[in-house]
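Novice: Below is the structure I would like to discuss, written out as structure tokens.
The values are calculated or read from the model by the stated rules, or taken from the named source; none is laboratory data. Note that the structure is predicted; figures quoted are calculated from it, not measured. Every residue, glycine as well, gets a Cβ built from its backbone with ideal geometry; the counts of neighbours run over all protein chains shown. The area values use the complete protein model at the heavy-atom level, side chains included, leaving out ligands, DNA and RNA. Shrake-Rupley method; radii C 1.70, N 1.55, O 1.52, S 1.80 Å.
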Amino acid sequence: MFEEELKGLKRKNLLRRVVSRTSPQGALITLQGKKFINFSSNDYLGFANRHEIIEAAIKASERYGVGAGASRLLAGGSDLHKELEERISQFKSVESSVLFNSGYAANTGIIPSLASDGDLIFSDELNHASIVDGCRLSKAKTVVYRHRDMFHLEKLLKTEKARRKIVVTDSVFSMDGDICPLNEIGELCKMYDSLLYIDDAHGTGVLGNGKGALAHFGMRPEPWIIQMGTLSKALGSFGAFAAGSRDVIEWITNTSRTLIFSTALPSCIISASLSAILLIEKDPAPIKKLWDNRGRLIEGIREAGYDSLESETPIIPLKAGDSKKTLRLSHFLSENGIYAAAIRPPSVREPRIRITVSAAHTRRHIRLLIDALKRSKKTRDN
Ligand SMILES: *Cc1c(COP(=O)(O)O)cnc(C)c1O
């Protein structure tokens, strides 16, 4: 039935495949029996395979079992869930927080809770797909502003009228690795009486000593700011959270369908997340190493002559031309023992290799990637 459609994707070099690891996640991974240095993971601190965190997950499994068996509202959650929420509130200096089963579930649950018929959402054009879907699921009108363009955002905030306004943005943009101008967005929200919803998926554990984008910009939590963060990226675990004032979190808990109608996260995952936050609070070394590695790699990439757009974070796009050329570079890297996936439309407008560097990479891993990129430039002038 879908044969022609699939053939069409293949012709356009847009056919995707699921890739399976036979090793833990980390700087070195095994794919189909072959070892690679991995530059395609969001496990920024190398926590996904860290001993203490694994131990925490095992202990919680032994105590609470595996499946949660029901939604949070029907006692699917344990006292560990509550403890993690309190820990997150403390970590983020907010009044309250609530867990979600994934970043995707958070965005598609929270945004429709905050905005509905008669409300207006202002959304950056490069926001993550889960935000786009959250906006679609809400019955609010969504106005898209040009990427990080504050003049455009202000113009829209000024002219559009609504019962409630909400600006929605990624803190770190997941494909370009640049950071939103949060100070200015905050000022505009104050000026035009708008709520601010921040998706801090790639800021959590990475920016502001791990505390995320608000801390990075020296901003304080406010009742009109709602933060979403994930536990699945830098924290090496799984799930997400919303953090904000007591009232907004209670409202979200009462109205988010992805929270109410979905089974709670397993306790082993909660325990792993708790352990990861403790590690970040106790030891600044992994975050420092992450940023050192990022500095070293971006320097090498520029030296190799690649365009890395406006990257400011461990997410570094590499432009290599159209989908075919991008796939070719990804293949070349793979032949050189490096896993760095090509990202193509519709995930992004312009194809690129999306490099993510982590604290788990060694200097040698980074040098091998830079050397391969230089060779690739020479041999094919990509
Ligand atoms: C990955 C990501 C999500 C989704 O988080 P998951 O926990 O993987 O579902 C949401 N927003 C952004 C910006 C992301 O990069």
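Novice: Calculate the spin-label point distance for Glu95 paired with His147, positioning each point 7 Å from the Cα along the beta-carbon direction, and give it in nanometres.
Specialist: With each label point 7 Å from Cα toward Cβ, the separation is 3.7 nm.
Novice: What FRET efficiency do you get for Arg63 and Thr159 if R0 is 45 Å and r is their Cβ-Cβ distance, rounded to the nearest 0.05?
Specialist: 0.20
Novice: If you roll a 1.4 Å probe over the heavy atoms of the protein chains, what accessible area per residue do you get for the chain, in Å²?
Specialist: 47 Å²
Novice: Additional query: Could you pull out every one of the aspartates and glutamates with an alpha carbon less than 19 Å from that of Lys161, ignoring same-chain neighbours closer than 8 positions?
Specialist: Within reach: Asp117, Asp119, Asp124, Glu187, Asp193.
Novice: Let me have the 222 nm mean residue ellipticity of the chain computed from DSSP H runs of 4+ only, each contributing -39500 (n - 2.57), with the sum over all residues rounded to the nearest 500.
Specialist: Taking each H run of at least 4 residues, the total per residue is -13000 deg cm²/dmol.
Novice: Moving on. Say a paramagnetic label sat at a point 7 Å from the Cα of Phe261, along Cα to Cβ; which residues of the stretch 132-176 have their backbone N under 14 Å from it?
Specialist: 137-138
Novice: If the cut-off is a Cα-Cα distance under 21 Å, which lysines reach Lys155, setting aside same-chain residues fewer than 8 apart in sequence?
Specialist: Answer for Lys155, where 21 Å is the Cα cut-off: Lys141, Lys165, Lys190, listed by chain and number.
Novice: Take every DSSP beta bridge with both residues inside the chain and express the antiparallel ones as a percent of the total, to the nearest 5.
Specialist: For the chain, the DSSP antiparallel bridge percentage is about 50.
Novice: If you don't mind, another one. Could you tell me which residue out of Thr204, Leu156, Leu45 lies farthest along the dipole of the chain toward its positive end? Charges go on the beta carbon: Lys and Arg +1, Asp and Glu -1, centred on the Cα centre.
Specialist: Leu45
Novice: Go through Phe332, Cys189, Phe241 and say which Cα lies farthest out towards the positive end of the charge dipole of the chain; charges sit on Cβ, +1 for Lys and Arg, -1 for Asp and Glu.
Specialist: Phe332
Novice: Let me ask you something else. Roughly how much of Lys319 is accessible, in Å² to the nearest 10, using a 1.4 Å probe?
Specialist: That residue has around 50 Å² of solvent-accessible surface.
Novice: Of Leu15, Leu99, which has the most accessible area and how do the rest follow, probe 1.4 Å?
Specialist: Leu15, Leu99
Novice: What order do you get for 239-251, 193-205 when each peptide is scored by the mean count of other beta carbon atoms within 10 Å, highest first?
Specialist: 193-205, 239-251
Novice: Now a separate question. Is the stretch 187-304 best put as rounded, prolate or oblate by its Cα gyration tensor, with a ≥ b ≥ c the root eigenvalues, rounded for a/c under 1.5, and otherwise prolate when a/b is larger than b/c, oblate when not?
Specialist: It is oblate, given that a/c is not under 1.5 and a/b is not larger than b/c.
Novice: Tell me, what HN-Hα J-couplings in whole Hz come from the Karplus equation 6.51 cos²θ - 1.76 cosθ + 1.60 at θ = phi - 60° for each residue of the stretch 81-87, using x for Gly and Pro?
Specialist: 4, 4, 4, 5, 4, 5, 4
Novice: Let me ask something additional. If I take R0 = 56 Å and measure r between the Cβ atoms of Arg296 and Arg246 in this structure, what FRET efficiency does the formula 1/(1 + (r/R0)^6) give, to the nearest 0.05?
Specialist: After rounding to 0.05, the efficiency reads 0.85.
Novice: Holding the Cα-Cα limit at 31 Å, pick out from Lys35/Lys289; Lys211/Lys325; Lys233/Lys374; Lys82/Lys158; Lys59/Lys282 the pairs that are longer than that.
Specialist: From the list (Lys35/Lys289; Lys211/Lys325; Lys233/Lys374; Lys82/Lys158; Lys59/Lys282), the Cα-Cα distance tops 31 Å for Lys211/Lys325; Lys82/Lys158.
Novice: Considering only DSSP beta bridges whose two residues both sit in the stretch 165-263, what percent are antiparallel, to the nearest 5?
Specialist: That works out to approximately 35 percent antiparallel.
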